[in-house]
Amino acid sequence: MSYLDQIDKIRIPQHIAVIMDGNGRWAKQRNLDRTFGHKEGVSAVRRIIEAASIAQVSYITLYTFSTENWNRPEEEVKALMSLMIQAVAKETPDLVKNNVRVKVIGDVSRLPEDTKEALQYCLETTAPCTGVTVILALSYSSKWEITEAIKNIAKDVNSKAINIDDINETLIDSYLETKEIPNPDILVRTGGELRISNFLLWQIAYSELYFTDELWPDFNEESFYKAIVDFQSRERRFGKTSEQVSNE
Ligand code: IPE
Ligand code: IPE
Ligand code: MG
């Protein structure tokens, strides 16, 4: 039986965040340049967006390029930036056709001008779509995001737009890049590493973590549905006892 058939349709996770790792190793296994792994990674992105639509997941956040990834060899960074332009240009018509809305979180100001333009076109064209929301984390890191939020809160306290006593979790949420996006229910990481790599640290406080050894270019629809089935087997207690949760 396929994993899709095993999904309980009334307990679908609303938001799945993904650390798409393993492109380089996928290429290395085939004696190819790392860039080939990234290209193949784009096909996996396409598959997973489609799977999210089928499973009726509302939000999917994809860790596409981290703040720390700027430290990779210049050639690789360049290749990733031009791949982004190609992918966005090629995929935008299908995204619109499939009613997919694209959003970006991260320090976009660091991206090259042509990458920014390609992204802007995709964001504007897909803005009216009402199906799955795909959030690309680009030039993103959680510590950068939290630092920016702290700076902006401090500015607003200084200018008396808010009082110190107004600062609570909800207010902090509203200063993050992810404002208006619910917290992830599951965080999936492919590629076998057991770490978070500076991704959504605040937002995953109570997410279920799912790690798989599969390399990102090998991750397919069934791998995605399998993660959802695994999620549905877990009891989320949010600090309560199991008895309390089952009586709710
Ligand atoms: C993830 O794959 C993609 C990005 C970080 C841009 P990697 O490029 O990190 O692949 P590995 O981890 O070296 O295999
Ligand atoms: C995390 O992968 C970033 C993305 C998937 C975009 P990395 O490959 O950069 O993470 P580390 O450095 O192994 O932790
Ligand atoms: Mg990696």
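The values are calculated or read from the model by the stated rules, or taken from the named source; none is laboratory data. On a predicted model such as this, the values are computed, not experimentally measured, just so you know. Reconstructed Cβ throughout: ideal geometry from the backbone, glycine too, with neighbour counts over all protein chains shown. Surface areas here come from the heavy atoms of the whole protein model, side chains and all, with no ligands, DNA or RNA. Shrake-Rupley method; radii C 1.70, N 1.55, O 1.52, S 1.80 Å.
Quick one: in the range 8-28, of everything that is in contact (Cβ under 8 Å) with a residue 12 or more places away in the chain, farther than 21 Å from Met84 by Cβ and over 21 Å from the mean Cα position of the chain (by Cα), which residue is surrounded by the most Cβ atoms within 10 Å (Cβ to Cβ)? Selected residue: Asp8.
Only one residue in Tyr59, Tyr63 is on the phi < 0 side of the Ramachandran plot, more than 16 Å from ligand 1 (Cβ to nearest atom) and of a type in the set (Phe, Trp, Tyr). Which one?
Details: Tyr63 fails: more than 16 Å from ligand 1 (Cβ to nearest atom).
Among Tyr59, Tyr63, only Tyr59 is on the phi < 0 side of the Ramachandran plot, more than 16 Å from ligand 1 (Cβ to nearest atom) and of a type in the set (Phe, Trp, Tyr).
If you check Ala52 against the conditions, is it touching a strand residue (DSSP E or B) at 6+ places or on another chain (Cβ under 6 Å), assigned to a helix (DSSP H, G or I) and away from ligand 2 (no atom under 15 Å from the Cβ)? So Ala52 fits the description; yes. Scanning the range 188-202 for residues being open to solvent by less than 60 Å² (accessible area, probe 1.4 Å), assigned to a loop (DSSP other than H, G, I, E, B) and in contact with an Asp or Glu (Cβ under 9 Å, 6 or more places away or on another chain) gives a total of 7.
Put simply, of Ala127, Ala205, Ala161 the only residue that is of a type in the set (Gly, Ala, Ser), surrounded by fewer than 18 Cβ atoms within 10 Å (Cβ to Cβ) and free of Cβ contacts under 8 Å to residues at least 12 places away in the same chain is Ala161. Selection of the range 15-49 for residues being assigned to a loop (DSSP other than H, G, I, E, B), hydrophobic (A, V, I, L, M, F, W, C) and more than 12 Å from ligand 2 (Cβ to nearest atom) yields only Leu32.
Exactly one residue among Ser58, Ser43, Ser109 is more than 16 Å from ligand 3 (Cβ to nearest atom), surrounded by 14 or more Cβ atoms within 10 Å (Cβ to Cβ) and of a type in the set (Ser, Thr, Tyr), and that residue is Ser58. Thr35 meets all of the listed conditions (1) within 16 Å of Leu111 (Cβ to Cβ); (2) open to solvent by 20 Å² or more (accessible area, probe 1.4 Å) but one, namely (1).
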